[in-house]
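The values are calculated or read from the model by the stated rules, or taken from the named source; none is laboratory data. What you are looking at is a predicted structure, and each value in this text was computed from that prediction instead of being measured. FYI the Cβ positions are ideal-geometry reconstructions off the backbone, even for glycines, and counts take in every protein chain you see. Only protein heavy atoms, including side chains, enter the accessible area calculation; ligands, DNA and RNA are left aside. Shrake-Rupley method; radii C 1.70, N 1.55, O 1.52, S 1.80 Å.
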Amino acid sequence: MSDLVTYLLSGLALAGSFALVGSGIVVVYRVTHVLNFAQGSFVVFGAFLSQTLRQIGLPPGLSELAAVVVVGLIGFVVGAVAIGKPGTHPMTSLLITLGMSLVSAAVIIAVWGQNPVSPPGLTGTLTVLGATIEVQRLLVLVVALAALASLSLLFSRTDIGRALTAAASNPRAARLVGIDTRVMGLLSFTIAGVLGGLAGVLMAPTTAVSVTSDLPFVLSA
């Protein structure tokens with residue numbers, strides 16, 4: 001029974017991190033109708049940045065938070081390139097995100113090289129229902145659930161979330177009532193960057209991340 005609980009919780013933790021990546025893809029597609037192939041790169045950037053920030057002296061927690069913020073800004077930049085020009089067809093934007101993914105891989109190799117990284121996370125284990133599981137894996141599960149719940153509340157209970165939904169459902173009607181659909185698109189890419197970066201900093205301590213991890217993350221998500 002303890003082995004079953006261990007496998008179940010470990011699997012849920014991994015599923016939670018993939019759900020974060022998948023939610024980033026869904027948010028962008030829902031608002032812009034663009035399939036963002038750069039989503040996996042956000043995960044890789046999160047992992048590498050968190051390790052670098054730890055190495056330069058930022059304390060645990062703050063380094064991961066800073067990495068997520070930076071990856072959110074990277075998401076904004078990708079969005080600006082992909083959908084920044086009015087009238088860009090979604091298929092064109094899709095190809096642009098694919099190109100940005102390749103550019104991101106080149107940047108990662110130039111800055112960090114090709115060796116995988118696995119920055120330190122929370123240490124120790126907890127016993128749950130007789131099963132022993134790493135604290136870091138439980139953290140992944142808890143943070144993923146909290147992030148997905150927050151995302152649900154954003155779309156259902158806030159004006160920004162309603163504006164994002166309106167831009168997704170009927171862009172023309174949204175523009176007629178004063179919603180800037182381009183800004184909503186850029187916001188969706190920023191949210192995707194934050195979710196990808198969060199997945200990266202959470203997964204990296206238990207799963208080594210390299211420059212080639214981007215596509216497997218997207219496919220799994």
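For (1) among the polar types (S, T, N, Q); (2) within 20 Å of S104 (Cβ to Cβ), each residue gets a yes or a no:
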position	(1), (2)
H33	no, no
F37	no, yes
G40	no, yes
F48	no, yes
T52	yes, yes
I56	no, no
G61	no, no
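Which of the residues that make up the stretch 87-101 are among the hydroxyl-bearing types (S, T, Y) and open to solvent by less than 40 Å² (accessible area, probe 1.4 Å)?
S93, T97, S101, listed by residue number.
Within the stretch 102-144, restricting attention to residues that are modelled with pLDDT of 85 or more and part of a loop (DSSP other than H, G, I, E, B), the residue that is surrounded by the most Cβ atoms within 10 Å (Cβ to Cβ) is P116.
Among the residues of the stretch 143-157, those identified as touching a helix residue (DSSP H, G or I) at 6+ places or on another chain (Cβ under 9 Å) and among the hydrophobic types (A, V, I, L, M, F, W, C) are V143, A144, L145, A147, L148, L151, L153, L154, F155.
Of all the helices (runs of 4 or more DSSP H) wholly in the stretch 145-221, which have at least 1 residues that are out of contact with any Leu (no Cβ under 6 Å at 6 or more places or on another chain) and either at pLDDT 85 or above or closer than 23 Å to T52 by Cβ (or both)?
Result: 159-169, 181-203, 214-220.
Of all residues in the stretch 166-199, count the ones that are open to solvent by 40 Å² or more (accessible area, probe 1.4 Å) and more than 18 Å from the chain's Cα centre (by Cα). Number satisfying all stated conditions: 12. Scanning the stretch 55-68 for residues that are in contact (Cβ under 8 Å) with a residue 12 or more places away in the chain and open to solvent by 60 Å² or more (accessible area, probe 1.4 Å) yields a total of 1. The set of residues from the stretch 32-54 being open to solvent by 10 Å² or more (accessible area, probe 1.4 Å) and either free of Cβ contacts under 8 Å to residues at least 40 places away in the same chain or in a helix (DSSP H, G or I) (or both) comprises T32, F45, L49, Q51, T52, L53, R54. Looking only at residues of the stretch 2-31 that are at pLDDT 85 or above and open to solvent by 50 Å² or more (accessible area, probe 1.4 Å), we find that the one that is farthest from the chain's Cα centre (by Cα) is R30. On the given criteria, is I96 of a type outside the set (S, T, Y), touching a helix residue (DSSP H, G or I) at 6+ places or on another chain (Cβ under 6 Å) and more than 26 Å from Q55 (Cα to Cα)? When the stated conditions are applied, I96 passes them. Residue pairs whose Cβ atoms lie under 8 Å apart, sitting 6 or more positions apart in sequence or on different chains, and linking a residue in the stretch 76-89 that is over 19 Å from I25 (Cβ atoms) to a partner that is modelled with pLDDT of 80 or more and basic (K, R), are G84/R182; P86/R182. Tell me whether the stretch 78-86 contains one or more residues that are farther than 24 Å from A204 by Cβ and exposed (fewer than 14 other Cβ atoms within 10 Å of the Cβ). Yes, because at least one residue in the stretch 78-86 is farther than 24 Å from A204 by Cβ and exposed (fewer than 14 other Cβ atoms within 10 Å of the Cβ).
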